[in-house]
Amino acid sequence: MITFEKVTFGYGDEPVLKDLTFSIPSGESRVIMGPSGSGKSTILRLILGLDSPWSGQIAIDGKDIFAMKAGQMRELRKQIGMVFQDGALFDSMTVGENIGYYLFEYTNRREEEIEREVRQTLEFVDLDPDIIDKLPEELSGGMRRRVAVARALVSTRPKIMLFDEPTTGLDPQATESVLKLILKLQQVQRMSVIIVTHQIADALKLADQYIVIHNGRLVFDGDVEHMRTAEVPELVDFLAPFRSSIEEVIRKKLI
Amino acid sequence: MSFKLYHSFKRFVYEIDQLSRFSAKMIFAIFGRPVYFAETLEQLYAIGVGSLFLVVLTGVFAGQGLALQVSNEMAEMGSKFYLGRMMAISTIRELGPILTALMVAARVAAGITAEIGSMKSSNQLDALTAFGVDPIRKLAVPRLIALVTMVPVLTIVCDVITIAGGWVIAVFVSHITSRTYTSAVIDRLTVGNIFMGLAKPFVFAFIIAFISCYKGFTTSGGTKGVGRSTNESVMFTSITILIVNYLLTKGIWTFMRGYL
């Protein structure tokens, strides 16, 4: 269970998140939505402990992550996989070295063994295992995003996967393949997936529960049916262009 | 105007504070685990062998240029036989350490800041942290160790080449015997001169490592930001080297005068 309790955080003197309180039970997935610059990606950085809140508490399975020692924090991070916007692949390493990074760094496994696991994971994310020797710059945006997922999967066998704008900048075909992969992770690997996006059409395909952030404040936390009827002005404005998509999702659910 | 000055001063103090904290982290990280041997070896090669040609080239031409200028003056004063002595003192105490440090700063500091800065702006540093890797230990420490090892070695190479360049001018232009030149050089290889010649590159190596890594790790503003950080890195490193060089010279003259 991930819990945010009155979390406030900012960069410089400017607060980005204000008094944020929500919780995500273990095994559940959430899409965090909101306009650009509303502080969505910052939530993922806080979960991963890359930034520390000004005030409030962030707990994972009841433990305050900022009260942890460095070693405990490292162990916790092994349970969390993060796919950064644009993948954040190590550009001087090949696809194989990127995906097998954690195994090369922390285990004494033989190179052939690691290569076998890397190839299997490439197949799992629907990529040709023969791209193993390519550099990230030789891949398309969608492929890079899937390699980043593979790297997070191989490395730490995470219980929680965090996605920061997984489909931003991708063409419709690549978007579809990344969305399918995220659904596969939820269904096959039974992972808790937290996705940050401002693409509402994609968000509606990925989860049943949504958190909406506006100007650093939580304006909605609930399912799609409640989202349709909620009367918070910021939420109504944000969802206005997507009313028909929301209605369609609800109609499909009822069928 | 005074408001702008106040903010510039405040910003300067803030940067010094942050740089000091970052440098302390780098020093502490040297003693932690894991130790990245492969990365350190890679940096030793990249910094040492990679800078060798530049340092040799600088030494050859700086040595010959200096010897040519000075030998003419000394010949007019009837003291050209002291050319070796003059070359040894100026090279070992000042020219060798300064030229080497500035060359390494221009080549290596720019490279370190650009590489780490690019990793920062594309979230690769965060990705490392997410894997439980300390980016300072992984990226900054191997570069610090390589610089502290290689800058003194490169300085010795530069000293030898510069003095050899002076020998060419002494023997073939000023017609001083090789024996006269070399015995004057050896005469000035005193404990104090050797200490000054090796202490300076050691300190300069720390300056290059601290500033270039700090600038890389604090890069912001995308590709434009990487360019800005790289420029600032070379500029601040060079200026700091020149200021610290003066302070070291002054300090060594004050406390080790008898050994020089």
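The values are calculated or read from the model by the stated rules, or taken from the named source; none is laboratory data. For clarity, every value in this text was computed on a predicted model and none was experimentally measured. Don't worry about glycine lacking a Cβ; one is built from the backbone with ideal geometry, like all the others, and counts go over all protein chains shown.
Within region A:75-85, is there a residue that is of a type in the set (Phe, Trp, Tyr), surrounded by 18 or more Cβ atoms within 10 Å (Cβ to Cβ) and modelled with pLDDT under 90?
Taking region A:75-85 as the starting set, the residues that turn out to be of a type in the set (Phe, Trp, Tyr) are A:84.
Cutting the leftovers down to surrounded by 18 or more Cβ atoms within 10 Å (Cβ to Cβ) gives us A:84.
Filter again for modelled with pLDDT under 90, leaving none.
Looking through region A:75-85, none of the residues is of a type in the set (Phe, Trp, Tyr), surrounded by 18 or more Cβ atoms within 10 Å (Cβ to Cβ) and modelled with pLDDT under 90.
Filter region A:133-156 for residues that are among the charged types (D, E, K, R) and touching a residue at least 40 places away in the same chain (Cβ under 8 Å); which is farthest from the other protein chains (Cβ to nearest Cβ)?
Selected residue: A:Lys134.
Looking only at region A:161-174, which residues are surrounded by fewer than 21 Cβ atoms within 10 Å (Cβ to Cβ) and not in a loop (DSSP other than H, G, I, E, B)?
A:Pro172, A:Gln173, A:Ala174
Can you pull out every residue in region B:149-200 that is farther than 28 Å from B:Val104 by Cβ, among the charged types (D, E, K, R) and in contact with a helix residue (DSSP H, G or I) (Cβ under 9 Å, 6 or more places away or on another chain)?
B:Asp187
State all residues of region B:199-233 that are under 11 Å from the mean Cα position of the chain (by Cα) and not small (Gly, Ala, Ser); if no residue qualifies, say none.
Of everything in region B:199-233, those that are under 11 Å from the mean Cα position of the chain (by Cα) and not small (Gly, Ala, Ser) turn out to be B:Lys200, B:Pro201, B:Phe202, B:Val203, B:Phe204, B:Phe206, B:Ile207, B:Ile208.
Give the residues of region A:231-255 that are crowded, with 16+ Cβ neighbours inside 10 Å and without any contact (Cβ under 8 Å) to a residue 24 or more places away in the chain, sorted by residue number.
Hits for region A:231-255 are A:Glu234, A:Leu235.
How many of the residues making up region B:110-133 are more than 8 Å from chain A (Cβ to nearest Cβ), buried (at least 22 other Cβ atoms within 10 Å of the Cβ) and more than 27 Å from A:Lys69 (Cα to Cα)?
3
Can you list residue pairs whose Cβ atoms sit under 9 Å apart, with the first residue in region B:26-40 being in contact (Cβ under 8 Å) with a residue 60 or more places away in the chain and surrounded by 11 or more Cβ atoms within 10 Å (Cβ to Cβ) and the second being acidic (Asp, Glu) and part of a helix (DSSP H, G or I)? Count only pairs 6 or more apart in sequence or on different chains.
Between residues of region B:26-40 that are in contact (Cβ under 8 Å) with a residue 60 or more places away in the chain and surrounded by 11 or more Cβ atoms within 10 Å (Cβ to Cβ) and residues that are acidic (Asp, Glu) and part of a helix (DSSP H, G or I), the close pairs are B:Pro34/A:Glu105.
Please count how many residues of region A:1-19 are outside any strand (DSSP E or B) and under 19 Å from A:Gln79 (Cα atoms).
Of the residues in region A:1-19, 1 are outside any strand (DSSP E or B) and under 19 Å from A:Gln79 (Cα atoms).
Go through region B:192-208 and give me each residue that's buried (at least 22 other Cβ atoms within 10 Å of the Cβ) and more than 23 Å from B:Leu44 (Cα to Cα).
B:Met196
For region B:130-189, enumerate the residues that are more than 30 Å from A:Thr107 (Cβ to Cβ) and among the acidic types (Asp, Glu).
Result: B:Asp159, B:Asp187.
If B:Ile136 satisfies all but one of (1) away from chain A (no Cβ under 14 Å); (2) surrounded by fewer than 24 Cβ atoms within 10 Å (Cβ to Cβ); (3) within 27 Å of A:Glu75 (Cα to Cα), what's the number of the condition it fails?
(1)
Conditions (1) crowded, with 17+ Cβ neighbours inside 10 Å; (2) within 23 Å of B:Leu54 (Cα to Cα); (3) in contact (Cβ under 8 Å) with a residue 60 or more places away in the chain, marked per residue:
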| position | (1), (2), (3) |
| --- | --- |
| B:Met150 | yes, yes, yes |
| B:Ile169 | yes, yes, yes |
| B:Thr177 | no, no, no |
| B:Asp187 | no, no, yes |
| B:Thr190 | no, no, yes |
| B:Phe210 | yes, yes, yes |
| B:Thr223 | no, no, yes |
| B:Met235 | no, yes, no |
| B:Ser238 | yes, yes, yes |
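Taking the criterion of being touching a Cys at 6+ places or on another chain (Cβ under 8 Å), touching a residue at least 60 places away in the same chain (Cβ under 8 Å) and within 28 Å of B:Leu154 (Cβ to Cβ), would at least one residue in region B:8-22 satisfy it?
Yes, the conditions are met somewhere in region B:8-22.
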